[in-house]
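Each remark here refers to the structure printed beneath this line.
The values are calculated or read from the model by the stated rules, or taken from the named source; none is laboratory data. Note that the coordinates shown come from a computational prediction; the quantities given were computed from them, not determined experimentally. Remember, those area values only see protein heavy atoms, side chains included, never the ligands or the DNA or RNA. Shrake-Rupley method; radii C 1.70, N 1.55, O 1.52, S 1.80 Å.
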Amino acid sequence: MTPRISIITITFNSESTLEETIRSVVSQDYQEMEYLIIDGGSIDRTLDIVEQYKEKIDVIISEPDKGISDAFNKGISRATGEIVGIINSDDILLPGALTKIAQAYNPETDVYSGLMYCWNDKTDEKFLFYPDLTFDKLKLQYSVTHQSRFIRRDAYERFGMFQVELRYMMDIDLLCRFYRQGAVFQLVDAPLAMFRLGGTTNDPIYKKKEDYRLFVRNFGGTEWDFRWIWLQAVIKYSMIQLGYKLFGSNLRFKIQRHPMLKKIFDYLP
């Protein structure tokens with residue numbers, strides 16, 4: 001079977017990176033593809049860029065939304081492919097990625113989990129993330145790599161979509177929920193996407209506190225579980241911020257290349 005694959009890109013004032021993202025999608029060598037762009041009402045040149053590629057985009061929506069999760073859900077609700085992937089407006093879908101997903105197609109699989117590059121576009125440094133395939137413990141240091149996860153559309157119907165109340169941890173919440181409800185995960189052992197550093201990932205930790213609390217509660221954790229995980233998260237964040245000051249902005253790449261440092265940071269959620 002040659003599955004139809006829907007790719008969703010959500011945008012909001014993304015003029016500096018969007019065109020590179022669009023090109024990475026429309027240049028795929030896979031014919032059974034649908035492309036959807038969900039814009040949150042941009043006021044910069046985002047929609048002008050979308051207009052340049054409208055002949056290659058199947059669905060374009062531009063209207064205010066309730067945040068990233070709401071935009072994801074709008075795209076999923078309108079997708080018609082058997083499989084759905086999400087490539088954000090500052091990320092890159094690697095050449096041949098959709099062909100690799102199609103080659104791995106299995107009617108029993110709910111979540112196809114590929115490898116993903118983390119990319120500093122200022123220095124062009126990259127390191128490779130391997131995706132976790134099990135989400136059975138209450139922790140936050142999972143390798144979520146949502147840009148390289150492709151999910152059956154009917155799995156969203158069975159297990160639910162993104163929780164709109166979450167602004168930062170919607171992807172880990174969704175994968176944990178899928179896993180707990182019996183979704184079947186499959187590794188695709190190849191890099192499929194490239195995640196550009198920046199965006200909401202770099203927001204200060206204090207902005208994410210309520211997301212942490214809600215995620216722990218959704219997982220069945222107690223208030224004490226939340227407090228312990230939150231303490232560890234704050235310690236880790238503080239260590240990273242100090243590291244940036246001492247060793248520069250490429251600290252993440254240095255940690256990934258140093259086995260002992262990586263073990264220390266992976267231990268914390």
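What the table below lists for this structure:
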| read-out | value |
| --- | --- |
| Amide H contacts under 5 Å for ALA193, placed H, 5+ residues apart | LEU94, TYR117 |
| Kirkwood estimate for region 86-165, i.e. one over the average of 1/r between Cα atoms, Å | 14.5 |
| Cα centroid separation - region 67-86 against region 159-194, whole Å | 13 |
| From phi via Karplus (6.51, -1.76, 1.60), per-residue ³J(HN,Hα) for region 221-236 in Hz, x at Gly/Pro | x, 8, 4, 5, 4, 4, 4, 5, 5, 5, 4, 4, 5, 5, 4, 4 |
| HN-Hα J in Hz across region 121-129 - Karplus 6.51, -1.76, 1.60, θ = phi - 60°, x for Gly and Pro | 6, 7, 10, 6, 7, 9, 9, 9, 9 |
| Span per principal axis, largest first, for the Cα atoms of the chain (Å) | 49, 40, 36 |
| Probe 1.4 Å - accessible area at THR134, Å² to nearest ten | 70 |
| Apportionment of accessible area to carbon and sulfur, the chain, percent (1.4 Å) | 52 |
| Residue-by-residue Karplus 3J(HN,Hα) for region 9-17, coefficients 6.51, -1.76, 1.60, Hz, glycine and proline x | 10, 9, 9, 7, 6, 10, 4, 6, 10 |
